[in-house]
1. Could you check, for the range 43-51, whether at least one of its residues is modelled with pLDDT under 95, on the phi < 0 side of the Ramachandran plot and not in a loop (DSSP other than H, G, I, E, B)?
2. Anything in the range 1-19 that is exposed (fewer than 10 other Cβ atoms within 10 Å of the Cβ) and either of a type in the set (A, V, I, L, M) or closer than 30 Å to Ala45 by Cα (or both)? List them, or say none.
3. Could you pull out the residue among Pro4, Pro25 that is touching a Leu at 6+ places or on another chain (Cβ under 7 Å) and either hydrophobic (A, V, I, L, M, F, W, C) or free of Cβ contacts under 8 Å to residues at least 24 places away in the same chain (or both)?
4. How many of the residues making up the range 1-32 are under 22 Å from the mean Cα position of the chain (by Cα), assigned to a loop (DSSP other than H, G, I, E, B) and at pLDDT below 90?
5. For the range 33-41, indicate whether the set of residues that are of a type outside the set (Asp, Glu), more than 18 Å from the chain's Cα centre (by Cα) and part of a loop (DSSP other than H, G, I, E, B) is non-empty.
Amino acid sequence: MAQPKRKQSKMRSAKRRGANRFKAPLLAKDPTDGTAHLPHRVNPANGMYRGRQVIEVDL
């Protein structure tokens with residue numbers, strides 16, 4: 001099996017791994033008021049989850 005001619009630097013490895021880190025978070029749209037929130041989590045704007053009111057939010 002082929003062997004690398006030189007050792008790969010730590011910075012080069014970190015640059016390659018770091019390129020996968022920057023992704024925009026996926027957002028779900030709330031059907032009741034249209035606000036964006038993280039999927040499978042309570043909407044912090046209105047306290048709704050899957051069509052039910054689960055927490056009280058002061059507006």
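1. Looking through the range 43-51, at least one residue is modelled with pLDDT under 95, on the phi < 0 side of the Ramachandran plot and not in a loop (DSSP other than H, G, I, E, B).
2. Those that are exposed (fewer than 10 other Cβ atoms within 10 Å of the Cβ) and either of a type in the set (A, V, I, L, M) or closer than 30 Å to Ala45 by Cα (or both): Met1, Ala2, Met11, Ala19.
3. Sole residue among the options that is touching a Leu at 6+ places or on another chain (Cβ under 7 Å) and either hydrophobic (A, V, I, L, M, F, W, C) or free of Cβ contacts under 8 Å to residues at least 24 places away in the same chain (or both): Pro25.
4. So the count comes out to 7.
5. Yes, the range 33-41 contains at least one residue that is of a type outside the set (Asp, Glu), more than 18 Å from the chain's Cα centre (by Cα) and part of a loop (DSSP other than H, G, I, E, B).
The values are calculated or read from the model by the stated rules, or taken from the named source; none is laboratory data. What you are looking at is a predicted structure, and each value in this text was computed from that prediction instead of being measured. When we count neighbours, we look across all protein chains shown, and the Cβ atoms used for this are built from the backbone with ideal geometry, even at glycine.
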